[in-house]
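See structure below.
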Amino acid sequence: MYLKDEVRQTLKDRIIRALKKAIDEKVIVAETIPDFYLEVPQDPGHGDFAANIAMLMAREAKMPPRKIGELIAANIDTSDTPVDRVEVAGPGFINFYLKPTWANVVIFDILTKGRDYGRQELGGGRKIQVEFVSANPTGPMHMGNARGAALGDALSSILKLSGYDVTKEFYINDAGNQIENFGLSLEARYLELLGQEGHIPEGGYHGEDIKDHMRNLIAEEGNRFLHMDSPSRRAYFIEYALKKNIQRMKDDLENFGVYFDIWFSEQSLHDTGKVNEVINLLKQKGCTYEKDGALWFTASEFGGDKDEVLIRTNGLPTYFASDIAYHKDKFDRGFDRVIDIWGADHHGHVARVKGALKALGYDPDRLTVILMQLVRLYRNGEIARMSKRTGRTVTLADIVEEVGRDAARFFFNMRGADTHLDFDLDLAIKQSDENPVYYVQYAHARICSILRQASEQGISLPEIESIPLASKDKYALLLTEKSEIDLIKKLADFPGEIRLAAENLSPYRITNYCMELSSVFHSFYNSCRVLTDDKDLTNARLLLVTAVRQVLRNAFAILGISAPERM
RNA sequence: GCGCCCGUAGCUCAGCAGGAUAGAGCAACGGACUUCUAAUCCGUAGGUCAGAGGUUCGAAUCCCCUCGGGCGCGCCA
């Protein structure tokens, strides 16, 4: 357990003991002890921890909360704790004031654990799958995919650190109507490029990339497909272009620092018969019926708005059908929990898939869908449209190239998934103080600079293991400046931030944490010199900034941004 | 029409397992580099938390309604 949780738990225990004592002595009348909590007050004047138990008990105890608070405070035993004093304030908060240096030992915990500082066992090794990006392979990835990539990758890192066995998966939508249209569009361009008439169908793809594929194909294989029958050559074109598109997605994501454990093909679900299998299963369970020549799933009986088509009149299964098979397959592969990250425009799909899982006998609560609101891209103060079909779009690769991996990943994780994200290209590109990513990286670079300086002066940090306990205490107790104390407390917050980010599936918490930690570090930097004539103080502060550097690195690793040593 | 998301400082947003006086960055204004990187810091100013009601000792936070913005409601994915 981490320092802060330990202290919190201790104080909680002592409060409960004090309350029980008061109840035994009949100064407080109560049957139950409410589920109270100890929070860190926003205002440091209210102590280091505050308990809200007195207010929660007021009703049952028929006593003013302040009175209850005072009775608990009077009975509390704070021996063997870092508590300096206890006060009751406001409506009845019990405020704990700790010895200012109570958290200082956290520095040694950080330096000992290194990159594992923050790791914890919330997940108990349970298997969890995060499926994200899953872009259509019919063209380049857009801004929404970029946001999903940054979000999903950071979330996966957080869950890994929290003790889950995480699998990152990309679902390739290489089946269905869009692939048909893809093939028709490729064919049309092929014919046009060879001087014949081609027609791109309704819902087809007009992008330049389609032409590029066919230009390349013609360069490689000439006009030999002109005389092939249309379905055969389309199949060939599709395979040819799909393979290249998928490889390109892999490359683009790699440039973005995002790697997947599994690339899962939708087509494979059809090829292995799993789609038919799941449709039959639903039939057996009596959850289907035929109408207007199509096969329907009774989604409305499982929480959906209306029933949904599984097999179209033309005999082909819908995307919905393969998605049911896909999600069944996920659970059959042994995942305890599955997280999907989808664009908000797919939200109507959530109830349907969950309904189908329920119909199949799976607990739909094991599936969590994070709906990501769409990204609005601004350039020169104007909204930049992004439609894959028009070909005039800003792609994920463009973003990485234009604003850089670090700024892009940081920007996408500055907000929760459910907020509309305005991505200001001009701001992200700017290498100035307006750009928040530099603020956090600068903190890291500054620390590296101090350590370089120290090394040049022949000052070397002792190995953590070789520092005797007494010296650790000595160093820790030397750090008493307000900015030092603030910085140390912020370091102690890190494991709790990881936990919250994991519980709420909110990577943006880590981004915010980076800003806060950097902020208190910069304040410290401006008020305290690290390298001084005082050898012990210098050592103590070197240990402190080294710990800050470690935590920054750990947080950057989650977000997938680099930790530059110089800027 | 129905459903989902959002509405907090001039701008972009934190804060939303209910807690004490609502925060940060940018923009504005005033200060700080003979000292480890000024991509920094310190200070000032800036608010009917969209609006109305309800629950509560206590509401930006939870519930209901209204308004405004976005997105869905396909035999597309």
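The values are calculated or read from the model by the stated rules, or taken from the named source; none is laboratory data. This is a predicted model, so every value here is computed, not measured. Positions of Cβ are generated from backbone atoms using ideal geometry, with glycine treated the same way; all protein chains shown enter the neighbour counts. Surface areas here come from the heavy atoms of the whole protein model, side chains and all, with no ligands, DNA or RNA. Shrake-Rupley method; radii C 1.70, N 1.55, O 1.52, S 1.80 Å.
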Residue under question is residue A:378, and the condition is that it be touching a strand residue (DSSP E or B) at 6+ places or on another chain (Cβ under 6 Å), at pLDDT below 90 and not charged (D, E, K, R); does it hold?
yes
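I'm trying to understand the selection: among the residues of the stretch A:24-60, which are β-branched (Val, Ile, Thr) and either within 27 Å of residue A:485 (Cβ to Cβ) or modelled with pLDDT of 90 or more (or both)?
The answer is A:40, A:53.
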Need the failing condition index for residue A:97 against (1) under 27 Å from the mean Cα position of the chain (by Cα); (2) of a type outside the set (Lys, Arg); (3) open to solvent by 10 Å² or more (accessible area, probe 1.4 Å), just the number.
(1)
Collect the residues in the stretch A:42-60 that are more than 8 Å from RNA strand B (Cβ to nearest atom) and either free of Cβ contacts under 8 Å to residues at least 24 places away in the same chain or open to solvent by 30 Å² or more (accessible area, probe 1.4 Å) (or both), keeping them in residue-number order.
A:44, A:60
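Only one residue in A:286, A:303 is open to solvent by 50 Å² or more (accessible area, probe 1.4 Å), within 13 Å of RNA strand B (Cβ to nearest atom) and modelled with pLDDT under 95. Which one?
It is A:303.
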What residue, of A:4, A:21, is among the charged types (D, E, K, R), open to solvent by less than 40 Å² (accessible area, probe 1.4 Å) and out of contact with any Ser or Thr (no Cβ under 9 Å at 6 or more places or on another chain)?
A:4
Checked A:233, A:248 against criteria (assigned by TED's automatic domain parsing to the domain that holds residue A:190, surrounded by 14 or more Cβ atoms within 10 Å (Cβ to Cβ), over 33 Å from the mean Cα position of the chain (by Cα) and part of a helix (DSSP H, G or I)); the one match is A:233
Can you give me the number of residues within the stretch A:72-100 that are over 23 Å from residue A:20 (Cβ atoms), part of a loop (DSSP other than H, G, I, E, B), touching a helix residue (DSSP H, G or I) at 6+ places or on another chain (Cβ under 9 Å) and at pLDDT 90 or above?
0
Pairs, please: C-beta under 8 Å, at least 6 apart or cross-chain, first residue closer than 11 Å to residue A:444 by Cα and in the stretch A:545-567, second outside any helix (DSSP H, G or I) and more than 15 Å from RNA strand B (Cβ to nearest atom)?
A:550/A:117; A:551/A:117; A:551/A:118
Is it the case that residue A:340 is near RNA strand B (Cβ under 8 Å from one of its atoms) and either under 23 Å from residue A:127 (Cα atoms) or open to solvent by 30 Å² or more (accessible area, probe 1.4 Å) (or both)?
no
Of all residues in the stretch A:306-335, which are part of a loop (DSSP other than H, G, I, E, B), modelled with pLDDT under 95 and closer than 30 Å to residue A:126 by Cβ?
none
Go through the stretch A:337-362 and report how many residues are among the hydroxyl-bearing types (Ser, Thr, Tyr) and in a strand (DSSP E or B).
0
Exactly one of (1) among the charged types (D, E, K, R); (2) closer than 30 Å to residue A:338 by Cβ; (3) near RNA strand B (Cβ under 10 Å from one of its atoms) is unmet by residue A:516. Its number?
(2)
Does the stretch A:253-270 hold any residues that are within 16 Å of RNA strand B (Cβ to nearest atom) and open to solvent by 60 Å² or more (accessible area, probe 1.4 Å), and which are they?
A:263, A:267
